[in-house]
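The values are calculated or read from the model by the stated rules, or taken from the named source; none is laboratory data. Bear in mind the structure is a predicted one, so any value in this text is a computation, not a measurement. Here the Cβ positions follow ideal geometry from the backbone for every residue, glycine too, while neighbour counts run over all protein chains shown.
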Amino acid sequence: MERKKVTSSDVAKRAGVSQATVSMVLNKKYNVSFSKEVIRRVEEAAQELGYELPKRRVKKENRREKLLVVFCPNLTNPYYVMLLQGIESRATEQGFGLFVCNTQRSLELEERYLKMLPALNPQGVIYTCNPSRCFMSIVEELSRTIPFAVINNQNEKLDVDAVELDNSKLGRIMARHLLDLGHKHVAYIAPPLTVRQKQRSKRVEGFMKEFREAGLGDNVVIKAANESIDKDVPGIDSEYRIGYDLTKELLAEEQDLTAIVGLNDMIAFGILDALYDEKYKVPGEMSVMGCDNTLFAKMHKVSLTTIEHFVIYKGRDACDIIMKKMKTRQSRYADMEPVSIYHVEYEPKLVVRGTTSYPPGIQKKEGKRKTSKKKN
């Protein structure tokens, strides 16, 4: 017959003390004091009955937390907030937490965060823009042990997984919309067009290419902010101010413009406010376009014509890529880790709202035609 297992209750009964006292005495709880007599009785009772303390479960010290690290160039533009929303929604579904590194477009901060990665021990890293060129070798080296996904400009060649964006195509769609309306004299306002921010230049180049093919390349004014702006910590209104201030300059310098384009929606909001202050009617006297289809662009009072390129979905896809890479590494085939590069791309869509229309001259001609018909 199997012998009944001795419990702490049996020891307590034999020693004439409570079960809690047995637990504290035998577990050497030094923050509670007992008389020598009580300690002796408990220890003797345990020994006589053959009582053994239950084995504690030892925590695995090398257990990794379910953590993803996300690199963002700034958090003042709703575009990056939308990307984070997409990433976080998918990460939460899978039980992951996020550690967000806001680099503020600073090389020093980006390098500092990259050096922190081994200590953070994440299970994946997502870049919401292209890594700085000087750190590409570090990123590619780290990606051999940590799954990386980059939401990047399609024209950049990276040996890491990417959710791609053809910025050149975005620029061409914006230009084609204005050309179809009959605009021939237009301006494009952008943040600094530096080598580091190649994705910005690609969007402008696509816009220019479409106008050149229409024989109107000389009629486009490119107005970019000073490079020093990128060296400052971005404020909540940095891109809005670029749109506002450069529009004021344009209106003083150019007389024939019928449309002004912002590289993104935040710049376009600044353009709209500057035109409002200068008493321009939008779109009657000046058409305005943005890009990203952020929340504010949809508001009735703003009603900004813009480009939708499915930002939140890109964040979710970047997270999905990390999950796929993790699963692949956990279940190897034939003792070898497969090498796979994922690439996802969405087709951008024009969203026409209330800030673009025909140029003033074309509107007047149509107005005269309608008037003449009424007289007949």
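Annotation: N293 fulfils all but one of (1) out of contact with any Gly (no Cβ under 8 Å at 6 or more places or on another chain); (2) farther than 24 Å from H309 by Cα; (3) not β-branched (V, I, T); the unmet one is (2).
Among the residues of this structure, Y188 does not count as one that is modelled with pLDDT of 90 or more, surrounded by 16 or more Cβ atoms within 10 Å (Cβ to Cβ) and not assigned by TED's automatic domain parsing to the domain that holds D256. Annotation note: of E93, E108, E61, the sole residue that is modelled with pLDDT under 90 and either more than 30 Å from M136 (Cα to Cα) or loosely packed, with under 13 Cβ neighbours inside 10 Å (or both) is E61. Here I307 meets the list (1) over 18 Å from the mean Cα position of the chain (by Cα); (2) within 28 Å of D161 (Cα to Cα); (3) β-branched (V, I, T); (4) buried (at least 16 other Cβ atoms within 10 Å of the Cβ) almost entirely, failing just condition (1). Going residue by residue through segment 230-248, is there one that turns out to be touching a residue at least 24 places away in the same chain (Cβ under 8 Å), in contact with a strand residue (DSSP E or B) (Cβ under 8 Å, 6 or more places away or on another chain) and farther than 21 Å from R105 by Cα? Yes, some residue in segment 230-248 is touching a residue at least 24 places away in the same chain (Cβ under 8 Å), in contact with a strand residue (DSSP E or B) (Cβ under 8 Å, 6 or more places away or on another chain) and farther than 21 Å from R105 by Cα.
Matching residues to (1) surrounded by fewer than 21 Cβ atoms within 10 Å (Cβ to Cβ); (2) within 22 Å of the chain's Cα centre (by Cα):
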{"site": "G171", "(1), (2)": "no, yes"}
{"site": "H183", "(1), (2)": "no, no"}
{"site": "T194", "(1), (2)": "yes, yes"}
{"site": "E205", "(1), (2)": "yes, no"}
{"site": "A214", "(1), (2)": "yes, no"}
{"site": "I222", "(1), (2)": "yes, no"}
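If the condition is being out of contact with any Leu (no Cβ under 9 Å at 6 or more places or on another chain) and either farther than 24 Å from G206 by Cα or in a loop (DSSP other than H, G, I, E, B) (or both), then segment 264-282 contributes N264, D273, Y276, D277, K279. Is it the case, given these coordinates, that Q255 is more than 30 Å from the chain's Cα centre (by Cα), at pLDDT below 95 and either crowded, with 20+ Cβ neighbours inside 10 Å or not assigned by TED's automatic domain parsing to the domain that holds L75 (or both)? Answer is yes for this residue.
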